[in-house]
1. Inspect segment 19-31 for any residue being at pLDDT 90 or above, part of a loop (DSSP other than H, G, I, E, B) and of a type in the set (A, V, I, L, M, F, W, C) and give the result as yes or no.
2. Tell me the residue from V8, V13, V92 that is in contact with a helix residue (DSSP H, G or I) (Cβ under 7 Å, 6 or more places away or on another chain), of a type in the set (A, V, I, L, M) and not in a helix (DSSP H, G or I), please.
3. What pairs come up if the first residue lies in segment 70-88 and is closer than 14 Å to K102 by Cβ, the second is among the β-branched types (V, I, T) and in a helix (DSSP H, G or I), and their beta carbons are under 7 Å apart, counting only those six or more places apart or on different chains?
4. Do you know which residues across segment 22-53 are buried (at least 16 other Cβ atoms within 10 Å of the Cβ) and more than 20 Å from the chain's Cα centre (by Cα)?
Amino acid sequence: MFQNYVTVLKKYVEFSGRATRSEFWWFVLANCIVSILIGFIGGLIGTDVLSILYGLAVLLPSLAVAVRRLRDAGFNPWLLLIGLIPLVGAIVLLILYCMPTKK
């Protein structure tokens, strides 16, 4: 699980190439776990600075793996902008992220 997380972080801003479903979803899961842990630690010390810094640190790798996942599923990476539409955009992106690899 955390191997894919580290792999995505090593490809920090690599928007070219492809990301398999497993690479993408393991990164998302590990990112959620780390975010929860950092939020818990930040709550214990009474500050949100840790969460903000972590969010900024993984912003570009998250965008890069999402672009690579859309490309792997055979879609134009610009479809990531659909996520800007409240609720509907997130649902559409979720469906696109779940699509199988196109050859």
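1. Yes, the conditions are met somewhere in segment 19-31.
2. V13
3. Pairs found: P77/V67.
4. G42
The values are calculated or read from the model by the stated rules, or taken from the named source; none is laboratory data. The model shown is predicted, which means the values in this text are computed figures rather than measured ones. As a convention, Cβ positions derive from the backbone with ideal geometry for all residues, glycine included, and neighbour counts pool all protein chains shown.
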